[in-house]
Amino acid sequence: MITAISAPNIAFIKYWGNRDNELRIPQADSLSMTLNTPTVEIDVEHSEILSVKSFELDGSEKELGEKHIQRFRKHLELTKHYLNKLGVPDAIPNEVSITVRSGIPSGIGLASSAAVFSCLACAYQGLIRETIDLDDEQSSVIARLGSGSASRSIFGGFSALVAGEGSGIDSSKSIQIADENHWPLHDIVLAPSMHEKKVGSTEGHAIAQTSPHFADRIEAITSRRQQECIDSILKKDFEKLQRVTEEDCMDMHHVMETSTPPLKYLNDVTHRIISEVTDLRTSQHLPVLYTMDAGPTVHLVCTEEARDRVVDFAHAQADCTVFETKVGKGTHLV
Ligand code: DP6
């Protein structure tokens, strides 16, 4: 049996929209910081039939619907296609048993699928290492086949999912921009709602192109934003990171809200937090930025010096659950 551990990531340049939905090949590059917590652990081993079990941290079993099981089955099938392309079609068994232990509440804007599929990719990498020694970029392809953003959590620190070109299963993969020791940023997460979101990312990606603003967004990322974000990280220029991250986040939500049907993930609490944190940043000259994924949850990313004041601000929001996280070291075997 092989066990791997992983955690979510928070995107500065968001992944939204695919050029191939089945293979999760993104339309544009994205970039994120991998977090250190909350974590997911996965055991995989050979088995007679595919079995997937999922447990909460307290040990209670989580009921998995048929849709969830199908996603794992499809992922195993696509992983086999990829290994076939690498010349080792039989490296992975036809059926496996997968046990997930997750400390992440699902559907609140903390990317649980990113943690799960990066973890599973790493566990598969471990399971087949006697046959083929996959490197982390190859493992990021396997992670991407389960969840696009999972591809980035393979690496610690800061990583980019590169859209690449063409339609090959491995045409898009992640690379590391800087490791976890490069810049000790924190992510203080404020979740206004613990309810599962109505429309998941997978459905959202599939309608992204229906927004009249989609093409402009892809153009902005490709021509400028991704590179600005990489530069800001390499130079540890927080102001530049803040500008490009907030611009890209609001742009993605604009695309979401103008797609058919429109997807409105942000709520009044989100908007109130954004406005208050912007005031706090101005009055106290605080290096803090906000960003939101496909939900109302606000991620307040800040430097070490700003952390305590951002945590105090977060805990003063009576209607939110707070998670305190920071940059992490990526997926690894236990
Ligand atoms: C808004 O990776 O969750 O969080 O491939 O369907 O699992 P699937 O999509 P997913 O999409 C992430 C969307 C996002 C932005 C991001 O993390 O880059």
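The values are calculated or read from the model by the stated rules, or taken from the named source; none is laboratory data. Keep in mind that this is a model prediction, so the values were computed, not measured. Here the Cβ is made from the backbone with ideal geometry for all residues, glycine too, and neighbour counts use every protein chain on show. Keep in mind that these areas ignore ligands, DNA and RNA; they rest on the heavy atoms of the full protein, side chains included. Shrake-Rupley method; radii C 1.70, N 1.55, O 1.52, S 1.80 Å.
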Expressed as a fraction of 2.2 N^0.38 Å, the rule-of-thumb size for a compact globular protein of N residues, what is the C-alpha radius of gyration of the chain?
-> 0.95
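Taking 30 Å as R0, compute the FRET efficiency from the Cβ-Cβ separation of GLU324 and THR258 and round it to 0.05.
0.30
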With just the Cα atoms of segment 2-181, tell me how far they stretch along each of the three principal axes, in Å, largest first.
-> 38, 37, 31
Given charges of +1 on the Cβ of Lys and Arg and -1 on the Cβ of Asp and Glu, with all other atoms neutral, how large is the dipole of the chain about its Cα centre, in debye to the nearest 20?
-> 380
Between LYS62 and residues 5 or more places away or on another chain, which pairs have amide H atoms under 5 Å apart, with H built 1.01 Å from N, and which residues are they?
-> SER54, PHE55, GLU56
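Specify, per residue and in Å³, the volume enclosed by the convex hull of the alpha carbon atoms belonging to segment 16-61.
160
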Simple label model, 7 Å out from Cα along Cβ direction - SER223 to VAL311, nm = 4.3
Hull volume in cubic angstrom per residue (convex hull over the Cα atoms of segment 262-334) = 126
Quick calc of log₁₀ I(q)/I(0), segment 186-326, Debye, one scatterer on every Cα, no solvent, q values 0.13 1/Å, result -0.61
Solvent exposure of the chain as accessible area per residue, Å², 1.4 Å probe = 42
Where N is the number of residues in segment 1-87, Cα Rg divided by 2.2 N^0.38 Å = 1.31
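At 0.36 nm per residue, minus the direct Cα-Cα distance, what do VAL334 and GLN284 gain on full extension? Give it in nm, one decimal, please.
Extra length from VAL334 to GLN284 when fully extended: 13.8 nm.
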Above-threshold pairs, the threshold being 27 Å between Cα atoms, out of LYS53/LYS80; LYS85/LYS329; LYS173/LYS264; LYS14/LYS326; LYS67/LYS173 = LYS85/LYS329; LYS173/LYS264
What part of the accessible area of segment 2-181, given as a whole %, is carbon or sulfur when the probe is 1.4 angstrom?
-> 44
Based on the Cβ-Cβ distance from ARG73 to LYS198, what FRET efficiency comes out when R0 is 25 Å, to the nearest 0.05?
-> 0.55
Set the Förster distance to 35 Å, then compute FRET efficiency between ASP20 and SER60 from the Cβ-Cβ distance, nearest 0.05.
-> 0.40
Env charge @ HIS299, Cβ radius under 9 Å, K,R +1 / D,E -1, value -2
